[in-house]
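Before any comments, here is the structure.
The values are calculated or read from the model by the stated rules, or taken from the named source; none is laboratory data. Keep in mind it's a predicted model, so treat the numbers as computed, not measured. Here the Cβ is made from the backbone with ideal geometry for all residues, glycine too, and neighbour counts use every protein chain on show. For accessibility, only protein heavy atoms count, side chains too; no ligands or nucleic acids. Shrake-Rupley method; radii C 1.70, N 1.55, O 1.52, S 1.80 Å.
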Amino acid sequence: MKLKFTKSIIENNLAIAINFIEKKDNSQITSHLLIIAEEHLSIKATDKEFGVELKDKSTEIIKKGKATINGKKFYEIIKALNDDFIYLEIENNIATITQNSSIYKLPVFDANEFPELPTVEDSKEIVMDPFIFMDGFKKILPVIDTNNPKYELNGALLNINNETIDLVSTDTKRLAIVSTKNNNSKQIELIIPKKAIAEIRKLFINDFKLFFDEINLIIKSENIKFFTKLINGKFPNYQRIIPNSYKTIIKLNKSEFIKKIKQITVISNEVKFTINNSILEFNSISEETFEAKTTMNIESSLENFIFAANSRFILDFLSVIDNEIFELCLNEANIPFTLKEGDFQTIIMPLSI
């Protein structure tokens with residue numbers, strides 16, 4: 001196999017691919033990339049939990065072939081070279097990278113032993129607006145738990161039922177859900193790992209198709225195919241947590257609310273809120289002698305309604321919403337309250353005060 005490529009394109013592809021390789025053990029074939037040169041160049045990378053295939057139609061294929069190459073070292077070499085054409089030749093189990101007078105040699109593994117990536121031909125398509133998928137996961141990503149012993153909480157649920165498409169995440173202290181109407185009768189429940197969602201948001205915009213089987217989720221665009229293993233488990237019954245109604249709904253200005261709450265977080269991330277008719281008061285909760293207090297005007301008929309919350313949970317919600325106005329939905333002071341904007345809502349457990 002012999003290839004000729006430009007530094008910028010191969011470097012961009014390798015920057016993506018190395019996120020999916022085994023980085024700690026160079027003896028594993030998954031520390032390598034699989035390079036296939038046929039009608040066009042294909043670069044595959046996987047750690048067996050998730051992976052990617054990148055197509056590059058700009059590379060000149062001088063001699064067709066298939067081989068592996070250490071992903072980390074290949075990327076470091078390409079970064080070190082100049083902005084000029086680079087050649088890669090693989091012969092007798094040695095990869096030779098050259099540019100003018102610079103020459104590098106790396107050992108390769110048997111390409112036939114590289115793990116197979118799942119294919120869309122063996123999968124079912126998910127009929128879903130790509131924008132809803134990407135925008136929804138952007139909003140619920142901060143609420144996905146990390147390293148929870150209940151493994152299913154370390155991912156987000158995609159639940160397509162008869163009425164709605166729900167994207168859901170929880171860290172047990174709050175629940176985030178984006179819910180839109182479902183025009184497709186197919187029912188699907190998938191739990192997608194948090195790490196995979198973060199990579200999906202880097203790789204894709206809105207032009208892609210979704211596929212799944214019993215083990216994997218596959219996302220495919222013109223030049224990128226991504227897969228992740230799904231989390232095998234039962235997601236909590238989130239629907240029983242969502243209140244059917246609220247006694248009070250207060251419309252608030254996002255920018256002003258963020259400004260006020262950040263004035264309090266200088267002292268404490270735990271904030272007590274007191275609603276007295278047209279005044280919302282913010283107070284710091286701190287074991288130290290420091291104190292912070294501020295107010296903002298609102299439209300409300302509540303009197304001396306007091307609750308407390310972790311400010312980070314509120315700011316996570318406010319940082320991803322699209323509109324300037326959101327809703328604070330309340331029932332009793334000692335039970336969860338809801339922040340809502342359009343199809344997106346976050347239900348938050350209050351702090352004990």
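Numbers at a glance
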read-out	value
Accessible surface, the chain, averaged per residue in Å² (probe 1.4 Å)	51
The chain - charge dipole about Cα centre, Lys and Arg +1 at Cβ, Asp and Glu -1, debye rounded to 20	320
Helical mean residue ellipticity (222 nm; -39500 (n - 2.57) per DSSP H run of 4+; nearest 500) of the chain	-5500 deg cm²/dmol
Extent along principal axes [Cα atoms of the stretch 6-56; Å; largest to smallest]	29, 21, 18
Computed P(r) (all Cα pairs; the stretch 169-259; 5 Å bins; percent)	2, 9, 15, 17, 20, 14, 10, 9, 4, 0, 0
Over 32 Å between alpha carbons, listed pairs LYS48/LYS186; LYS57/LYS150; LYS79/LYS194; LYS209/LYS340; LYS73/LYS229; LYS48/LYS124	LYS57/LYS150
Among GLN345, ILE285, TYR246 - extreme Cα towards positive end, dipole of the stretch 205-353, charges at beta-carbon	GLN345
Coordinate range along principal axes, alpha carbons of the stretch 173-325, Å, largest first	54, 33, 29
The stretch 1-150, relative contact order [Cα under 8 Å, separation at least 6], %	24
Carbon + sulfur, % of accessible area of the stretch 1-67 - ligands and nucleic acids excluded, 1.4 Å	44
Proportion of all alpha-carbon pairs of the stretch 8-107 beyond 22 Å (%)	22
Computed log₁₀ I(q)/I(0) - Debye formula, equal Cα scatterers, no solvent, the chain, q 0.07, 0.08, 0.12 Å⁻¹	-0.42, -0.53, -0.91
Gyration tensor verdict on the stretch 220-295 (Cα atoms; rounded if a/c is under 1.5, prolate if a/b is larger than b/c, oblate otherwise)	prolate
Centre separation in Å (Cα based) which lies between the stretch 172-215 and the stretch 246-284	32
Shape of the stretch 141-210, Cα gyration tensor, a/c cut at 1.5	oblate
Cα convex hull volume per residue for the stretch 59-126 (Å³)	155
Separation of the ASP25 and GLU189 label points, Cα + 7 Å toward Cβ, nm	3.4
The stretch 140-182: C-alpha gyration tensor shape, a/c 1.5 cut-off, then a/b vs b/c	prolate
Relative contact order of the chain, pairs being alpha-carbon contacts under 8 Å that are 6 or more residues apart, as %	12
